[in-house]
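Undergrad: What follows is a structure written as structure tokens; I'll ask about it next.
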Amino acid sequence: MTSMTLAQQIVTIALCALATILSRAIPFLVFKNKEEHPAFIQYLGKALPSAIFGMLIVYCFKDVSFIEAPYAVPELISVIFTVIFHLSFRKMLLSIAGGTACYMLLLHFIF
């Protein structure tokens, strides 16, 4: 196993930070004027959040067994809790944190 030198680690971290900053800043630079955005960009703004959450749900359930104990019960309870929490408060981060906390508590104390 080879390890990176200190210089390689610094360059790697700097490039990752730069890529993150650029990926956050480019949309603001491209669409900096107040005029209406192109229809395709508006469509992406409406469609991508749902698509990303759908992908995350599939990813979260990919290794869950519905035919072996505990039969995905903690996962399903947590999803139901998250949906109810979100419908009640309409706060995305609160819903995600609440669902994650529910899942962790179920695993730690019940299952």
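The values are calculated or read from the model by the stated rules, or taken from the named source; none is laboratory data. The model shown is predicted, which means the values in this text are computed figures rather than measured ones. All accessible areas refer to the heavy atoms of the entire protein, side chains included, with ligands and DNA or RNA removed. Shrake-Rupley method; radii C 1.70, N 1.55, O 1.52, S 1.80 Å.
Undergrad: Using modelled backbone amide H atoms (1.01 Å from N, in-plane), which distant-in-sequence or interchain residues come within less than 5 Å of ALA72's amide H?
TA: SER65
Undergrad: Counting each DSSP H run of 4 or more residues in the chain as -39500 (n - 2.57), what helix-only mean residue ellipticity at 222 nm follows after dividing by all residues, to the nearest 500 deg cm²/dmol?
TA: -26000 deg cm²/dmol
Undergrad: List, largest first, the extents of the alpha carbons of the chain along their principal axes, each in whole Å.
TA: So the three principal-axis extents are 50, 50, 24 Å.
Undergrad: So which residue, out of ALA47, ALA14, ALA39, gets the largest mean-square fluctuation from a GNM of the chain using Cα contacts under 10 Å as springs?
TA: It is ALA14.
Undergrad: Starting at the first residue of the stretch 16-21, write each ³J(HN,Hα) from the Karplus equation 6.51 cos²θ - 1.76 cosθ + 1.60 with θ = phi - 60°, in whole Hz, x for Gly and Pro.
TA: Each residue's phi maps through the Karplus curve to give 5, 5, 4, 4, 5, 4 Hz.
Undergrad: Using the Karplus equation 6.51 cos²θ - 1.76 cosθ + 1.60 (θ = phi - 60°), what ³J(HN,Hα) coupling, rounded to whole Hz, does each residue of the stretch 41-52 give in order, writing x for Gly and Pro?
TA: 5, 5, 4, 4, x, 8, 8, 5, x, 5, 5, 5
Undergrad: Evaluate the relative contact order of the chain (contact order divided by residue number), counting alpha-carbon pairs under 8 angstrom at least 6 apart; express in whole percent.
TA: Once normalised by length, the contact order is 16 percent.
Undergrad: Over the chain, give the accessible area per residue in Å² for a 1.4 Å probe, as an integer.
TA: 85
Undergrad: For the chain, with all protein chains present and a 1.4 Å probe, just round the carbon and sulfur fraction of the accessible area to a whole percent.
TA: C and S atoms contribute 74 percent here.
Undergrad: Further question on the same structure: Can you list the lysines whose alpha carbon is less than 16 Å from that of LYS91, not counting same-chain residues fewer than 8 positions off?
TA: Of all the lysines, none pass the test against LYS91 - Cα under 16 Å, at least 8 places apart if same chain.
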